[in-house]
Amino acid sequence: CRGGGIGRFQLFITSTGSSGTISRNIDVDAIPGPGGSTFAVLSGERLFFQWWHRDSAPGGATINYTNGLQVRFQ
């Protein structure tokens, strides 16, 4: 899913706890864009999201990505 212009939600560091799940509300008027800029989502626009995370593993943590998620805004 990674490629093209990539923005990052940098302040969303959190733990899933024992549930192993996570969710976040986002401000559709301030989506992070490339280079630290933000933009408002327009109706009909499709954005792709992916979560970068660390997995606990014997011998130390590893990094991984979730499957990509496509969202079409109305």
Which whole-number percent is the relative contact order of the chain (Cα, under 8 Å, 6+ apart)? 27 percent
Under a 5 Å amide H to amide H cut-off, with H placed in plane at 1.01 Å, what residues pair with TRP51 once short-range neighbours are removed? THR66
Which part of segment 1-43 falls in the paramagnetic zone of ASN64, meaning amide N under 20 Å from the point 7 Å along Cα-to-beta-carbon? 1-2, 13-24
Which one, (1) 15, 47, 29, 9, 1; (2) 19, 54, 19, 6, 1; (3) 20, 57, 21, 1, gives P(r) over Cα pairs in 10 Å bins from 0, in percent as derived from the coordinates shown? (1)
If I model a spin label at SER37 and ILE6 as a point 7 Å from the Cα along the Cα→Cβ vector, what separation in nanometres do I get? 1.9 nm
Springs between alpha-carbon atoms under 10 Å, Gaussian network over the chain: tell me which of ARG24, ARG46, ARG54 tops the mean-square fluctuations. ARG24
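Can you give me the accessible area per residue for the chain, using a 1.4 Å probe, in Å²? All intermediate terms of the calculation are to be shown ahead of the outcome.
On the way: 6190 Å² over 74 residues.
I get 84 Å² per residue for this part.
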I need the phi-derived Karplus couplings for segment 65-74: 6.51 cos²θ - 1.76 cosθ + 1.60, θ = phi - 60°, integer Hz, Gly and Pro marked x. 10, 6, 5, x, 10, 9, 10, 9, 8, 10
PRE zone check, label point 7 Å out along Cα-to-Cβ of PHE73, amide N under 19 Å, scope segment 34-55, hits 34-51
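The values are calculated or read from the model by the stated rules, or taken from the named source; none is laboratory data. Everything numeric in this text was worked out from a predicted model, so none of it was measured. Note that each Cβ is placed from the backbone with ideal geometry, even for glycine, and that neighbours are counted across all protein chains shown. Each accessible area value is taken on the protein alone, full model and side chains, heavy atoms only, with ligands, DNA and RNA left out. Shrake-Rupley method; radii C 1.70, N 1.55, O 1.52, S 1.80 Å.
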